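Chemist: My questions will all concern the structure given below.
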Amino acid sequence: MSRPSDVRPVGIELYLIPIKTRVPLKFGPEITTEVVCARVRATVADVRGAVATGWGETPLSVQWVWPGTLSYDERLQAMLALCDRIAGRWLDAPRPPGHPIELGWQFLEHDLPAILRDYNAEHRPGREPVPWLAALVCASAFDLAIHDAFGVKNGIACYDAYDGRFLSHDLSAYLEPSAAGVCFDGRFPADFLAPSQPSVPAWHLIGGKDPITPDELTGEEPDDGLPVLLQDWIRRDGLFCLKVKLKGDDPGWDLDRLVSVWRVAEPENVRWLSADFNCTVRDPGYVTAILDQLLVDHPRLYGALLYVEQPFPYDLEANPIDVRSVSARKPLFMDESAHDWRLVRLGRELGWTGVALKTCKTQTGALLSMSWARAHGMTLMVQDLSNPMLAQIPHLLLGARAGTIMGVESNGMQYYPAASEPEARVHPGLYRRAGGRLALDSIRGPGFGMRVEEIGRKLDSAAFSARLLLPDDSQTQRP
């Protein structure tokens, strides 16, 4: 039975915003110098036909979602084609009104797998298929926009709408417990949310090509008044949390990189480091050897290492590596592996102790994975996709409400700060770190509180635009 708050999508607009990085971002074997952001405007209608609109945005980070030897352009074009199919599917498949989690779960369980299967069969036979992670990222901007539109239509903040007042089904309709026998009957995502916070600690990213010390400068660095060296970033932004990208196939380089960062960071009162291997390690012994050497030779650095992130291949089903030797030493977080709660469950069985959530894998999926992980005692983090512009806002809200181990990663201001200038005029605290934190006080209003009308960014023509005809279009209302 439909609730008065339920909605269904009746209009979709997809905008593509290309941006270039200020400096190259290297992670794993690839380097990012540009990205296309998918921005979606979704129009939803309630059971009476009244409508409202919401926004979602995700950078289509090709190198992260689809690492490999294919050209950047080939991978990007395939993802853009997938975005078109996703946009059309939201409108061409009949769907009853519902809550965004109900609509999103249905899309993730049934629609998106069919879209990806059909696209790969039609356009990539005999060629490397588009991976599921890429499909999730393509779908996320649409999912976010529907969550936002639901909040706008009902005059409520998104994070106040994840309980039994608005959801027709509890979490048992979407999640299954582990062997531990956790019960989801009568429980909703709201039961696993942390209280709202006015600000959150921000993690600064140190990419594989980011200079640490003056002797690493090449002379090609930008001269735009922003920091380049790590020490200058720490002092300007008051940073106390640093995430270090490592290679995962060169233990000497990885060890030296961590030590080099710590030599700069410790005198500046940085308290926490994390190490991100980006799926490049095959043997847990690679990671444990580095950790054991740090413990002996650099015990203060070892103590400051808060967690280790995703050393091993993200396809857990194809690579079911027992990782308990690593997690016995440091908390071990799934990132690329954590596509959904089922893989979180598998990861827990293999010895992973934490989950890095990302809004780029859909708001719906992040909330369900968060609920499953917290119910089973796993630690959480919210990681960045170098989110600029509107993508930053739901990302930070998730980081503030998920109950993370320590704040949220946020590095869009490092790699493409100019891209977010219109948004930063309305939300200055979201795009400039101060005292090592990001301030959320400018987020207000229904939905994700993005205040898009005040931002006033001019968009080029939509790459996709379609709207369903409502039974009586004259009765529509636009809040």
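No value in this document is a laboratory result; all are computed from the given coordinates. Please read these numbers as outputs of a predicted model, since none were measured by experiment. Cβ: placed from backbone, ideal geometry, glycine included. Neighbour counts: every protein chain shown.
Chemist: Any idea which residue in segment 444-458 is surrounded by the fewest Cβ atoms within 10 Å (Cβ to Cβ), counting only those that are over 19 Å from Asp160 (Cβ atoms) and aliphatic (A, V, I, L, M)?
Modeler: Ranking the qualifying residues of segment 444-458, first place goes to Ile455.
Chemist: Oh, and also: When segment 198-220 is examined, which residues are found to be farther than 20 Å from Glu309 by Cβ, surrounded by 15 or more Cβ atoms within 10 Å (Cβ to Cβ) and in contact (Cβ under 8 Å) with a residue 60 or more places away in the chain?
Modeler: Listed by number, the list holds a single entry, Ser199.
Let's see how each residue does on (1) surrounded by fewer than 21 Cβ atoms within 10 Å (Cβ to Cβ); (2) over 30 Å from Glu34 (Cβ atoms):
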site: Ala78; (1), (2): no, no
site: Leu82; (1), (2): no, no
site: Ile86; (1), (2): no, no
site: Arg95; (1), (2): yes, yes
site: Ile101; (1), (2): no, yes
site: Glu109; (1), (2): yes, yes
site: Ala114; (1), (2): yes, yes
site: Asp118; (1), (2): yes, no
site: Pro125; (1), (2): yes, no
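Chemist: In segment 316-331, which residues are in contact with a Leu (Cβ under 9 Å, 6 or more places away or on another chain) and free of Cβ contacts under 8 Å to residues at least 60 places away in the same chain?
Modeler: Selection gives Leu316, Glu317, Pro320, Ile321, Asp322, Val323, Arg324, Val326, Arg329, Lys330.
Chemist: Quickly run through segment 229-256 and pick out the residues that are part of a loop (DSSP other than H, G, I, E, B) and under 25 Å from the mean Cα position of the chain (by Cα).
Modeler: Gly238, Leu239, Phe240, Leu246, Lys247, Gly248
Chemist: I'd like the full set of residues that are more than 22 Å from the chain's Cα centre (by Cα), among the charged types (D, E, K, R) and within 30 Å of Arg165 (Cβ to Cβ), limited to segment 95-134.
Modeler: Correct list: Arg95 only.
Chemist: On to the next question. Criterion first (part of a helix (DSSP H, G or I) and either surrounded by fewer than 21 Cβ atoms within 10 Å (Cβ to Cβ) or touching a residue at least 12 places away in the same chain (Cβ under 8 Å) (or both)) does Trp262 satisfy it?
Modeler: Yes; evaluated as a whole, the condition is true for this residue.
Chemist: What number of residues within segment 242-257 are surrounded by 22 or more Cβ atoms within 10 Å (Cβ to Cβ) and under 26 Å from Arg437 (Cβ atoms)?
Modeler: Residues flagged as surrounded by 22 or more Cβ atoms within 10 Å (Cβ to Cβ) and under 26 Å from Arg437 (Cβ atoms) within segment 242-257 amount to 5.
Chemist: Filter segment 327-337 for residues that are in a strand (DSSP E or B) and among the aliphatic types (A, V, I, L, M); which is surrounded by the most Cβ atoms within 10 Å (Cβ to Cβ)?
Modeler: Among residues in segment 327-337 that are in a strand (DSSP E or B) and among the aliphatic types (A, V, I, L, M), the one surrounded by the most Cβ atoms within 10 Å (Cβ to Cβ) is Met334.
Chemist: Select, from Asp73, Asp92, the only residue that is more than 23 Å from the chain's Cα centre (by Cα) and without any contact (Cβ under 8 Å) to a residue 12 or more places away in the chain.
Modeler: Sole residue among the options that is more than 23 Å from the chain's Cα centre (by Cα) and without any contact (Cβ under 8 Å) to a residue 12 or more places away in the chain: Asp92.
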